[in-house]
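Below: the structure, in structure tokens.
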Amino acid sequence: MGRNGELKIILGSVLITLVIFLLWLMYIFRKKQAKDGSKEKGGFEEDKEEVGQVEKEELISFQGGEKLTIHDILDAPGEVLGKSSYGTLYKASLERNNSIALLRFLRPACTEKLKEDFHVIQVLGVIRHPNLVPLQAFYSGPRGEKLLVHPFYSRGTLAQFLRGLGTLFYLETDKIPQATKNDFDTMYTFAQGDNYVFTTTTTTPPPDSQLLSVVKYISSVLFSYAGGNQASHKWDVIYKISIGIVRAMDHLHTAVQKPIVHGNLKSTNILLDGSYQPYVSDFGLHLLLNPSTGQEMLEASASLGYKAPELIKMKDASAESDIYSLGIILLEILTGKAPINDDQLPGQDLYLPDSMRNVIIKHRISDIFHPDLLLTQSTNQKPVLEERLLMFVQLAMACCSPSANLRPHIKQVVKKVEEIGQLELDFDRK
């Protein structure tokens with residue numbers, strides 16, 4: 001091989017090495033470009049995800065709330081009716097619509113994001129029954145705050161009605177008689193003594209503005225209408241409330257496409273209108289709360305005596321646990337007593353079902369009824385009434401069974417309550 005041949009071999013080797021080196025550089029460059037592009041894309045996705053965490057302001061309307069606007073809800077003057085660990089309940093005056101509504105505010109830290117709650121809201125918003133409080137609108141704010149809009153019911157809660165906490169009357173200015181300061185002082189004292197609570201929708205204060213701040217006063221013109229406590233001892237009112245509640249629960253458990261567990265059934269979550277028609281509220285509310293807040297709701301229910309013994313976590317709430325709470329409420333309606341005896345004396349039972357069992361064992365069943373209840377019928381009807389009351393007690397106690405498997409199905413509860421009502425009709429035909 002000559003010198004020229006050796007030179008060609010060397011140049012060829014150098015050229016091949018150079019080409020390989022250039023290809024390697026191009027590979028490294030493209031790899032770096034792809035990596036940078038991936039970083040940019042990843043950053044954008046993360047920013048997009050972060051922006052998604054800021055929820056849009058949105059109002060979802062259902063039947064009865066079609067004309068509501070965001071401004072109607074947010075600008076409504078509100079009066080606090082109750083507070084809990086997860087929110088606040090307001091009585092709000094919707095001025096443009098000249099109506100009163102219940103607004104339930106849910107704290108952002110206690111709820112899930114709107115996209116996770118959206119399906120639940122759609123389900124709850126279409127549920128309609130004569131004895132269920134309808135969801136008329138749902139508002140979600142940019143910071144995650146949520147407002148549920150419901151109709152307002154004038155007689156307050158079942159708990160207030162049963163235990164003499166008063167009946168709420170919302171009066172217009174022209175219905176409040178003119179009175180002097182002394183008149184209002186007298187009425188205020190009378191209201192305190194008889195546990196009647198009166199307030200007003202008017203912005204014009206009575207003569208004593210300090211008295212208005214306590215919003216407890218009574219008008220003698222309306223005293224004859226007040227009588228809420230006496231009505232709680234009348235069998236027709238007791239039956240009307242009871243059948244309404246069990247029918248509402250039957251609708252939730254069996255009539256909707258996907259059964260709804262109430263999860264927090266108690267007498268403060270049952271509202272009454274002017275004719276003592278009951279309306280079950282807050283059904284499915286636990287589905288909108290995050291797990292820790294739902295657990296707090298369950299613990300609050302336990303402290304009040306409504307929680308079924310087997311229920312440990314709110315996510316495990318069931319139709320059977322609802323039936324237990326329903327049984328407690330039926331006992332409340334019949335006896336007027338709270339589920340837990342806060343003024344327990346030595347030898348007395350703490351829980352209402354336990355005290356009822358002891359009364360039944362000792363054959364002192366009539367001791368649990370208010371005396372007025374047995375006097376609401378004529379003498380010849382008394383045995384029939386007592387039979388109804390005994391059937392009522394037996395049904396309520398079956399619902400309160402410590403074993404979930406022994407509790408009746410809601411259809412059985414409805415059937416039994418209807419049978420109890422039928423006894424009176426059968427007697428009248430004789």
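The values are calculated or read from the model by the stated rules, or taken from the named source; none is laboratory data. Please read these numbers as outputs of a predicted model, since none were measured by experiment. As a convention, Cβ positions derive from the backbone with ideal geometry for all residues, glycine included, and neighbour counts pool all protein chains shown.
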* Structure fact -> By residue number, the members of segment 254-269 that are under 27 Å from residue 337 (Cα atoms) and out of contact with any Asp or Glu (no Cβ under 7 Å at 6 or more places or on another chain) are 263, 266, 268
* Asked: Can residue 51 be described as modelled with pLDDT of 55 or more, assigned to a helix (DSSP H, G or I) and not assigned by TED's automatic domain parsing to the domain that holds residue 146?
  -> no
* All but one of (1) at pLDDT below 95; (2) out of contact with any helix residue (DSSP H, G or I) (no Cβ under 6 Å at 6 or more places or on another chain) hold for residue 259; which doesn't? -> (2)
* Structure fact -> Scanning segment 258-310 for residues that are among the charged types (D, E, K, R) and either closer than 25 Å to residue 115 by Cβ or not assigned by TED's automatic domain parsing to the domain that holds residue 351 (or both) gives 258, 282, 296
* Residues of segment 130-151 satisfying the condition of being surrounded by fewer than 19 Cβ atoms within 10 Å (Cβ to Cβ) and not charged (D, E, K, R) -> 130, 141, 142, 144, 151
* To do: Being of a type in the set (Val, Ile, Thr) and under 19 Å from residue 84 (Cα atoms) is the filter here, so list the residues in segment 95-130 that pass it.
  => 111
* With the condition kept exactly as written, say whether any residue in segment 232-241 is in contact with a strand residue (DSSP E or B) (Cβ under 6 Å, 6 or more places away or on another chain) and at pLDDT 95 or above. => yes
* Asked: Restricting attention to segment 331-348, does a residue exist that is modelled with pLDDT under 85 and in contact with a helix residue (DSSP H, G or I) (Cβ under 9 Å, 6 or more places away or on another chain)?
  -> yes
* Scan segment 90-116 and report the pairs whose first residue is in the same structural domain as residue 65 (by TED's automatic domain parsing) and whose second residue is basic (Lys, Arg) and not in a strand (DSSP E or B), with Cβ atoms within less than 9 Å and a gap of 6+ or a chain change. => 96/67; 97/67; 108/143; 114/56
* Can you name every residue in segment 311-335 that is in a helix (DSSP H, G or I) and either outside the structural domain of residue 397 (by TED's automatic domain parsing) or not hydrophobic (A, V, I, L, M, F, W, C) (or both)? -> 315, 316, 320, 321, 322, 324, 325, 327, 332, 335
* Asked: Quick one: residue 136 ticks every box in (1) more than 23 Å from residue 296 (Cβ to Cβ); (2) over 15 Å from the mean Cα position of the chain (by Cα) bar one, so which box is it?
  -> (2)
* Structure fact -> Among residues of segment 102-155 being part of a helix (DSSP H, G or I) and among the charged types (D, E, K, R), the residue farthest from residue 244 (Cα to Cα) is 115
